[in-house]
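Below: the structure, in structure tokens.
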Amino acid sequence: MAQDNSQVTEFILLGLSDKRELQLLFFTLFLLAYTMVLLGNLLIIVTVRTDTKLSSPMYFLLCNLSFIDICYTSVTAPRVLVALLSGHKAIAFEGCMAQLFFLHFVGSSEMFLLTVMAFDRYTAICRPLHYTAIMARRACWALVAACWAGGFIHSFVQTVLLLQLPFCGPNTIHSYFCDVPPVIRLACADTALTEWLMASNSGLISLGCFLALVASYALILAKVRARVSQGNWKALSTCASHVMAITLLFMPCIFTYLQPAGTLPTSKYVCVIYTILSPMMNPLIYTLRSSEVKESMWRLWKRCRT
């Protein structure tokens, strides 16, 4: 559809560096991080799915978060690794649009899911007597489905807006993956309105979810301070680790997307935080702070050895 208005058939991804020594260093770091994302999140999925003691809504949502993290990182990491190793930096126009679509599809679904997880924690701590009724299994499935649907709608709008623009050159993207800010700068047209629409779309989603998360954890903190107990302090400790995880994801996204393209320079190194670092840290943050998950992993390890 966009090719009728475009002369560009491929884009050149400049990556993180032109120096071969740094490329090999980045390849090693990205490969290590991607391996940790795959193994860590797969371990969480297998652990939750095989242990009947981890049947609460919190672990159901955690399992879905792990699946999303695997999908999210897999949108960019494999191609980056191939490019760093082979030096091939070209990506077809269609491939670029597909990468952009799936990046926003899975990324925004994760933001919505983290918001649902915060609501789950708020309900468990602040309304414990109604928790089972509110977070019933059917409600959890509906919430997860809504997260994916919201992500699809958001990404579809982003991609359609981009496909309406003509691309006639240049075709050099100053990043290691296709994303809205660097791609829209290459359009051969006045993109002011499109930039504001996209900033309103991606930026406000990031900011809105982040504020909802902050509000939910603030309410949890107020509740815990009002009723100090060992259980409540344990819940507060869990929420603190969740705040660390969402900060790694949301702050770089807000910085990147809550502005029209070209207003401020977008650092490709900032993008590493929410495409690689955040998915890598999620398994550590959500498992090391949960004694139930660690005990279940230990039982799984003993079963595998026998």
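Using the rule -39500 (n - 2.57) for each DSSP H run of four or more residues, divided by the residues of the chain, the 222 nm mean residue ellipticity is -24500 deg cm²/dmol.
The accessible-area ordering, largest first, of the residues Met251, Met111 stands as Met251, Met111, per a 1.4 angstrom probe.
How far is the Cα center of segment 86-150 from the Cα center of segment 1-63, in Å? Going from one Cα centre to the other spans 15 Å. Summing charges over all other residues whose Cβ lies under 15 Å from the Cβ of Leu22, with Lys and Arg as +1 and Asp and Glu as -1, gives +2.
Positive contributions from Lys and Arg (+1) and negative ones from Asp and Glu (-1), summed over other residues with Cβ under 13 Å from the Cβ of Trp301, come out at +3.
Legend: residues Lys89, Lys294, sorted from most to least accessible area (1.4 Å probe; ligands, DNA and RNA excluded), read Lys294, Lys89. Annotation: lysines with alpha-carbon distance below 28 angstrom to Lys294 (same-chain offsets under eight excluded): Lys53, Lys223, Lys234, Lys302. Could you tell me the relative contact order of the chain? Use alpha-carbon pairs under 8 Å, at least six residues apart, and round to a whole percent. Result for the chain is 27 percent.
For the listed peptides 190-202, 124-136, a ranking on the average number of other beta carbons within 10 Å per residue, highest first, reads 190-202, 124-136. For the residues Lys53, Lys19, a 1.4 Å probe over the protein chains yields an accessible-area ranking, largest first, of Lys53, Lys19.
What a 1.4 Å probe finds exposed on the chain is 69% carbon and sulfur by accessible area, rounded to a whole percent.
Here Lys89 is the anchor, and the aspartates and glutamates within straight C-alpha reach of less than 14 Å, apart from those fewer than 8 places off in the same chain, are Glu10, Asp18.
The values are calculated or read from the model by the stated rules, or taken from the named source; none is laboratory data. Here the structure is a predicted model, which is why all the values come from computation and not from measurement. Ideal geometry is used to build each Cβ from the backbone, glycine not excepted, and the neighbour counts take in all protein chains shown. Accessible surface is based on the protein model in full, side chains and every heavy atom, while ligands, DNA and RNA are left aside. Shrake-Rupley method; radii C 1.70, N 1.55, O 1.52, S 1.80 Å.
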